[in-house]
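The structure appears right after this line, and notes come after that.
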Amino acid sequence: MSNNAHLALTRLLQLASPALPVGAYSYSQGLEAAIEAGIVNDAPSAQRWIEDVLVLSIGGMEAPILLRLCDAWTAQDEARARHWNDLLLASRESAELRAETVQMGYSLVQLLPELREAHPFESWDEVAFPSAFAFCAVRFGIEPREALIAYLWSWVENQVIAAVKAVPLGQSAGQRLLLALGPRIVEQVDRSVALPDEALANMAPGLALLSAKHETQYSRLFRS
């Protein structure tokens, strides 16, 4: 592996790290509402919930759009990047989930000057997190498929951490969940690479309903 490839790997690990200050730890993306409803109450039900959201929501829309954003940024086609950004924002299932991706996108954009990266986002009204993530990946020389693996791993890891806190689960149970969910990440990356534009879909009504209910949930740890 060349020095450039090693550097790209360190940048990829930085983007996927829980230490990235974009506030991901403060969101459960509907999982806390599923726990409140009794749908998730142990490790098996947590795994089933996370897998379902990964396949029905993230894998069918967010993941393939991230690849398209990488292509747009590689081609320096800001108009195409804006198109996918707007479609992604329109696909968010609830006000909470939309606010989440906008807040995380904003936070990542604010980091770009610290990373010594010029960017075109000053003129954008709202930046979805995948748009900023894909931009960073391209600028750091990270291959789109590798960027998507890291993105999905970061999402799954955050979901598992939320389950460990809120179900609650033990740390060992959380690690077993991550081991079990790893192959699902690879499956969704393969699916995203092959998915044509006309097949993009975000069909997760259970997530939408529970996320909307979470907006008025009385006792909660997470912002979504």
Lys/Arg Cβ at +1, Asp/Glu Cβ at -1, dipole of the chain taken about the Cα centre: which of ASN41, PRO130, PRO144 is farthest positive-ward?
ASN41
Under a point-charge model restricted to the Cβ atoms of Lys and Arg (+1) and Asp and Glu (-1), what is the dipole moment magnitude of segment 163-224 relative to its Cα centre, in debye to the nearest 20?
460 debye
Based on alpha-carbon atoms only, what is the radius of gyration of the chain relative to the globular estimate 2.2 N^0.38 Å?
0.98
Modelling each spin label as a point 7 Å along the Cα-to-Cβ direction, I'd like the GLN171/ALA199 distance in nm, to one decimal.
4.2 nm
Principal-axis tilt of helix 205-214 within the chain, Cα atoms, nearest 10 degrees
80 degrees
Gain in length, ALA118 to GLU146, computed as 0.36 nm per residue apart minus the alpha-carbon separation, to one decimal in nm?
7.8 nm
Stretch gain in nm, segment LEU179-LEU87, where the contour uses 0.36 nm per residue and the Cα spacing is subtracted:
29.9 nm
Just the Cα atoms of segment 20-60: what Rg and Dmax do they give in Å?
11.3, 31
Please work out the FRET efficiency for the pair LEU13 and THR216, using the Cβ-Cβ distance as r and a Förster radius of 41 Å; give the result to the nearest 0.05.
0.60
With a cut-off of 20 Å, note down the residues of segment 120-150 whose backbone N falls inside the zone around a label point 7 Å from the Cα of ASP77 toward its beta carbon.
120-121, 124, 128, 130-148
For the chain: relative contact order, % (alpha-carbon pairs under 8 angstrom, 6 or more apart):
39 percent
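Bear in mind that the values in this text are calculations on the coordinates, not laboratory data. If you're wondering where the values come from, they're calculated on a predicted model, not measured in any experiment. When we count neighbours, we look across all protein chains shown, and the Cβ atoms used for this are built from the backbone with ideal geometry, even at glycine.
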